[in-house]
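Participant: Submitted below is the structure of interest, expressed as structure tokens.
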Amino acid sequence: MAGKAEKALGELVDLCKEIHLLRSCSSLLGWDERTYIPQKGTPHRAEQQSLLAGIVHDKFTSPKIGDLLNEIENSELVDDPLSPAAVNVREIRRLYDKEVKLPKSLVEEISRTVTLSEQAWVEARKKSDFHMFSPWLAKMTELKRQQADAIGYKKERYDALLDDYEPGETAENIKKVFDGLRKELVELVEAIGSSSRRPDISILERNYPVDKQEVVSKTASASIGFDYNGGRLDITTHPFCTTIGPGDVRITTRYNQNHFGQAFFGVLHESGHGLYEQGLDPQYAGLPMGESVSLGIHESQSRMWENFVGRSKPFWIYFFPWVKKVFWESLNDVKLDDFYFAINDVRPSLIRVEADEVTYNLHILLRFEIEHAIFAGDLKTDDVPGVWNENFKRYFGIVPPDDARGCLQDVHWSCGYIGYFPTYTLGNLYAAQFFAKAKEELGNLDEQFSHGSFTDLLSWLREKIHKHGMRYRAPDLVKEVTGKPLSHEYLMSYLKEKYGMLYGI
Ligand code: CO
């Protein structure tokens, strides 16, 4: 019996590695498409991608995979649920079931609708008229309902969609944690707003030559541990991090000559994603044990390096003297404290992607509440702008002047990415909880950062999170690493301490 199951496991692993190789070809094509492809090459690229996607789909949904899974699941190979074999089988089963449960006609209809709905969104945003997009959102929601019903769920439909991004998480739990966060966050934003202290952010908007920005960003990202022998940095309009395979993790950024922070913190953010990918165990490449846990856990790594480390005072105690020398013409009259305050400016703003680390989460809470209500049937899509603006006023004290700068600003809903938004704030919450634990276990991290030493924190993350791949689901991982379930308290105490000092509140 055991021999048979072991043979099945070997076959399953081989199949998955082959599928992974095909997928990694598609990742490389995708990277090229977003960086260097000449415009006229796009239609041919779309054909290459669609051919590969079809081959991958056929291979992954073949009944062979189902048979192999059955064979292994009925053996002692999966007795220990945390063993690599059991974890791989658990996660491959999850994905396989989803793929085979979804009717082909529904998959095709969703894919067609995404294209049309995204076009409608682009037009609606241009004209700043939500009602042009509203029927598409209603249609997309209906299709995603059908998807959720086909896949199945325990408590509520929304959970079936959440599973694509944050396996094991539930809307009920997110709601509970976000409810705790909302009240305290709104109070903190109000307190900051009524403080008489304001940083001079104009110092960040001086002349910062792009070639120098590249050197500074790359140096900082290499200092925190991003391995440029196993990765690279290129330029794109929308920054991202992609993994081609072991030893090949690529990040991108965009430079603005008249802004210091956009590229610098963007690179730290993507490097954080990259460090996670570079820390995965290469022997499990192509298998769940060699993959990241979830979008939320991924974002916890990027946010930790971008904000908890990169926007901290100790980080700049180390880097500022050098950065000042590099950009001498723009920074010679700037003091460390003023620079540190400027990069941590907090103010209510309309656009999520430009928000600071305090108000950012309110943007997410708002989106989660709305998409959850639409999906539950409690909110009609036509009523979205009204609810958006009302809640925006309640959270930020301002009302968006139009839909383009309000409920039409993000692409997500038009693509059917329902259940995606909450992972951003989950990332911040996980980052805070992990970081608090790291500080507890590693002693004086501030001291280390101020000397340019980041290795202890990175080794800790490698050991506690990266090397485990998908062994633990996110809610279990946080308990395993910190001893406590996810809570809003760590993020709030971090924010209150940091911004209390900065704003004197
Ligand atoms: Co990110």
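The values are calculated or read from the model by the stated rules, or taken from the named source; none is laboratory data. What you see is a predicted model, and the numbers here were worked out from it, not measured in a lab. Note: ideal-geometry Cβ built from the backbone for every residue, glycine included; neighbour counts use all protein chains shown. All accessible areas refer to the heavy atoms of the entire protein, side chains included, with ligands and DNA or RNA removed. Shrake-Rupley method; radii C 1.70, N 1.55, O 1.52, S 1.80 Å.
Participant: Under the condition of being out of contact with any Lys or Arg (no Cβ under 9 Å at 6 or more places or on another chain) and open to solvent by 20 Å² or more (accessible area, probe 1.4 Å), which residue from the range 321-334 is farthest from the ligand (Cβ to nearest atom)?
Facilitator: The selected residue is D333.
Participant: Additional query: Across the range 57-90, which residue is nearest to P288 (Cα to Cα) among those that are open to solvent by less than 70 Å² (accessible area, probe 1.4 Å) and polar (S, T, N, Q)?
Facilitator: The selected residue is N88.
Participant: Out of P485, P475, which single residue is under 24 Å from the mean Cα position of the chain (by Cα), farther than 19 Å from N307 by Cβ and part of a helix (DSSP H, G or I)?
Facilitator: Every option except P475 fails the conditions.
Per-residue answers, yes or no, for (1) of a type in the set (S, T, Y); (2) within 16 Å of the ligand (Cβ to nearest atom); (3) buried (at least 23 other Cβ atoms within 10 Å of the Cβ):
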| residue | (1), (2), (3) |
| --- | --- |
| Y340 | yes, no, no |
| R352 | no, yes, no |
| R405 | no, no, no |
| L408 | no, no, yes |
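Participant: Could I ask something else about it? Given the conditions (1) away from the ligand (no atom under 16 Å from the Cβ); (2) touching a residue at least 24 places away in the same chain (Cβ under 8 Å); (3) of a type in the set (V, I, T), report the number of the one that I224 does not fulfil.
Facilitator: Unmet condition: (1).
Participant: So the check is Cβ under 7 Å with 6+ separation or different chains; which pairs have a first residue in the range 304-333 that's at pLDDT 95 or above and charged (D, E, K, R) and a second one that's assigned to a helix (DSSP H, G or I) and surrounded by fewer than 21 Cβ atoms within 10 Å (Cβ to Cβ)?
Facilitator: From residues that are at pLDDT 95 or above and charged (D, E, K, R), the pairs are E306/F265; K313/Y340; K324/L331.
Participant: Between a residue in the range 420-432 that is within 17 Å of N307 (Cα to Cα) and any residue that is acidic (D, E) and open to solvent by less than 10 Å² (accessible area, probe 1.4 Å), which pairs come within a Cβ distance under 6 Å, given they are 6 or more apart or on different chains?
Facilitator: Pairs found: T423/E166.
Participant: A further question on this structure: Given (1) surrounded by fewer than 17 Cβ atoms within 10 Å (Cβ to Cβ); (2) modelled with pLDDT of 95 or more; (3) within 30 Å of P348 (Cα to Cα); (4) not hydrophobic (A, V, I, L, M, F, W, C), identify the lone condition not met by T219.
Facilitator: If we test T219 against (1) surrounded by fewer than 17 Cβ atoms within 10 Å (Cβ to Cβ); (2) modelled with pLDDT of 95 or more; (3) within 30 Å of P348 (Cα to Cα); (4) not hydrophobic (A, V, I, L, M, F, W, C), just (3) comes out false.
Participant: Being open to solvent by 50 Å² or more (accessible area, probe 1.4 Å) and modelled with pLDDT under 95 is the filter; apply it to the range 227-238 and report the residue that is farthest from the ligand (Cβ to nearest atom).
Facilitator: This residue is T237.
Participant: Among the listed residues I244, I251, which satisfies the condition of being more than 15 Å from the ligand (Cβ to nearest atom), in contact with a helix residue (DSSP H, G or I) (Cβ under 7 Å, 6 or more places away or on another chain) and not in a helix (DSSP H, G or I)?
Facilitator: That would be I244, the only listed residue that is more than 15 Å from the ligand (Cβ to nearest atom), in contact with a helix residue (DSSP H, G or I) (Cβ under 7 Å, 6 or more places away or on another chain) and not in a helix (DSSP H, G or I).
Participant: Additional query: Among the residues of the range 390-398, is any assigned by TED's automatic domain parsing to the domain that holds H488 and within 16 Å of the ligand (Cβ to nearest atom)?
Facilitator: For the range 390-398, residues assigned by TED's automatic domain parsing to the domain that holds H488 and within 16 Å of the ligand (Cβ to nearest atom): absent.
Participant: Do we find that I364 is in a helix (DSSP H, G or I), under 30 Å from L116 (Cβ atoms) and within 16 Å of the ligand (Cβ to nearest atom) in this structure?
Facilitator: In short, yes.
Participant: Please find, within the range 257-266, the residue that is farthest from the chain's Cα centre (by Cα) out of those that are outside any loop (DSSP other than H, G, I, E, B) and away from the ligand (no atom under 12 Å from the Cβ).
Facilitator: Within the range 257-266, the match that is farthest from the chain's Cα centre (by Cα) is G261.
Participant: If I ask for residues that are open to solvent by less than 40 Å² (accessible area, probe 1.4 Å), touching a residue at least 60 places away in the same chain (Cβ under 8 Å) and of a type outside the set (S, T, Y), which ones from the range 14-30 would you list?
Facilitator: Within the range 14-30, C16, I19, G30 qualify.
Participant: Would you please name the residue that is farthest from G245 (Cα to Cα), looking only at residues in the range 21-79 that are among the hydroxyl-bearing types (S, T, Y) and touching a strand residue (DSSP E or B) at 6+ places or on another chain (Cβ under 7 Å)?
Facilitator: T35
Participant: With the condition kept exactly as written, say whether any residue in the range 151-160 is among the aliphatic types (A, V, I, L, M) and under 24 Å from the mean Cα position of the chain (by Cα).
Facilitator: The answer is yes, given that some residue of the range 151-160 is among the aliphatic types (A, V, I, L, M) and under 24 Å from the mean Cα position of the chain (by Cα).
Participant: Do the conditions hold for E33, that is, is it assigned to a helix (DSSP H, G or I), in contact with a helix residue (DSSP H, G or I) (Cβ under 6 Å, 6 or more places away or on another chain) and either acidic (D, E) or in the same structural domain as T236 (by TED's automatic domain parsing) (or both)?
Facilitator: Criteria met by E33.
Participant: Among the residues of the range 282-294, are any crowded, with 17+ Cβ neighbours inside 10 Å, assigned to a helix (DSSP H, G or I), among the hydrophobic types (A, V, I, L, M, F, W, C) and within 16 Å of the ligand (Cβ to nearest atom)?
Facilitator: no
Participant: Now a separate question. Test Q278 against the criterion of being within 16 Å of the ligand (Cβ to nearest atom), surrounded by fewer than 24 Cβ atoms within 10 Å (Cβ to Cβ) and over 25 Å from V353 (Cα atoms), and give yes or no.
Facilitator: Judged against the criteria, Q278 is a match.
Per-residue answers, yes or no, for (1) within 16 Å of the ligand (Cβ to nearest atom); (2) open to solvent by 10 Å² or more (accessible area, probe 1.4 Å); (3) farther than 23 Å from R303 by Cα; (4) not assigned by TED's automatic domain parsing to the domain that holds H298:
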| position | (1), (2), (3), (4) |
| --- | --- |
| C415 | no, yes, yes, no |
| T425 | yes, no, no, no |
| Y430 | yes, no, no, no |
| K437 | no, yes, no, no |
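Participant: Using the structure shown, decide if F319 is aromatic (F, W, Y) and in contact with a Gly (Cβ under 8 Å, 6 or more places away or on another chain).
Facilitator: yes
Participant: Would you tally the residues in the range 295-320 being buried (at least 23 other Cβ atoms within 10 Å of the Cβ), within 16 Å of the ligand (Cβ to nearest atom) and either closer than 15 Å to E447 by Cα or not assigned by TED's automatic domain parsing to the domain that holds L445 (or both)?
Facilitator: 2
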